[in-house]
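I have placed the structure first, in the form of structure tokens, so that the comments after it can refer back to it.
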Amino acid sequence: SNPENMDLFTSQFPNVNSLELNNNYRSTNNIVQFTRDLMHNQTIIPHRDLDTRNIIGPKIIARRFSNAFLQYSFIAKEINEIVRASRELLRFSDFAILARVNSDLKDMKSVLDSLRIETSQSSDAQTAEDFLNDEVAEEDS
């Protein structure tokens, strides 16, 4: 999210009370530490004191690519290798690729197609609608 949104909100509602949750209940310790390091080394988002009591988890490896095609190729090859190494315990349908804009997904799909990795695409609106329909169906049962 954009940090300016909170500033805008507090400027429009000056008497708002703010409660910060600094304990992360979902991420592993390594993910929280990586996030701390990222926040410490930049100036856009104010530094927050994050913590977790979760397991350490696997080491985080960050990569930087000179162009989007190299990034998408890396992601596709990594997914391909993980599926292969799992001896089919994992399938391509077990993975999700999230993107900021649809054009990124279009380019990513081209790379996956070139590796003959079958894909399906849904928008967040469609996914949310499907989720809500599933919830209503469960309540009716």
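The values are calculated or read from the model by the stated rules, or taken from the named source; none is laboratory data. Everything numeric here is computed off the predicted structure, so don't read it as measured data. Here Cβ is always computed from backbone atoms with ideal geometry, including for glycine, and neighbour counts include all displayed protein chains. Surface areas here come from the heavy atoms of the whole protein model, side chains and all, with no ligands, DNA or RNA. Shrake-Rupley method; radii C 1.70, N 1.55, O 1.52, S 1.80 Å.
Scanning segment 8-24 for residues that are under 29 Å from the mean Cα position of the chain (by Cα) and open to solvent by 100 Å² or more (accessible area, probe 1.4 Å) yields 17, 19, 20, 21. Only one of the listed residues (38, 70) is under 30 Å from residue 19 (Cβ atoms) and either assigned to a loop (DSSP other than H, G, I, E, B) or free of Cβ contacts under 8 Å to residues at least 60 places away in the same chain (or both). That residue is 38. All of 35, 28, 10 fail the test of being over 30 Å from residue 122 (Cβ atoms) and among the hydroxyl-bearing types (Ser, Thr, Tyr), apart from 10. With the structure loaded, tell me whether residue 86 is among the small types (Gly, Ala, Ser) and either within 19 Å of residue 114 (Cβ to Cβ) or exposed (fewer than 10 other Cβ atoms within 10 Å of the Cβ) (or both) or whether it fails that test. The answer is no for residue 86.
Using beta carbons and a limit of 7 Å, which pairs, at least six apart or on different chains, have the first residue in segment 91-111 and farther than 16 Å from residue 70 by Cβ and open to solvent by less than 90 Å² (accessible area, probe 1.4 Å) and the second one acidic (Asp, Glu) and assigned to a loop (DSSP other than H, G, I, E, B)? Close Cβ pairs satisfying both conditions: 92/118. For segment 16-32, the tally of residues that are within 12 Å of residue 51 (Cβ to Cβ) and touching a helix residue (DSSP H, G or I) at 6+ places or on another chain (Cβ under 8 Å) stands at 2. The C-beta contact set for segment 1-13 (first residue within 20 Å of residue 100 (Cα to Cα), second residue at pLDDT below 80, distance under 9 angstrom, 6+ apart or interchain) comprises 3/44; 3/45; 3/46. In summary, residue 63 fulfils each of the numbered conditions (1) under 30 Å from residue 113 (Cα atoms); (2) in a helix (DSSP H, G or I) with the single exception of condition (2). Residue 52 satisfies every condition listed in (1) under 24 Å from residue 26 (Cα atoms); (2) open to solvent by 60 Å² or more (accessible area, probe 1.4 Å); (3) not aliphatic (A, V, I, L, M) except (2).
What residue, among those in segment 65-118 that are modelled with pLDDT under 90 and basic (Lys, Arg), is nearest to residue 30 (Cα to Cα)? Restricting to residues being modelled with pLDDT under 90 and basic (Lys, Arg), the top hit is 100.
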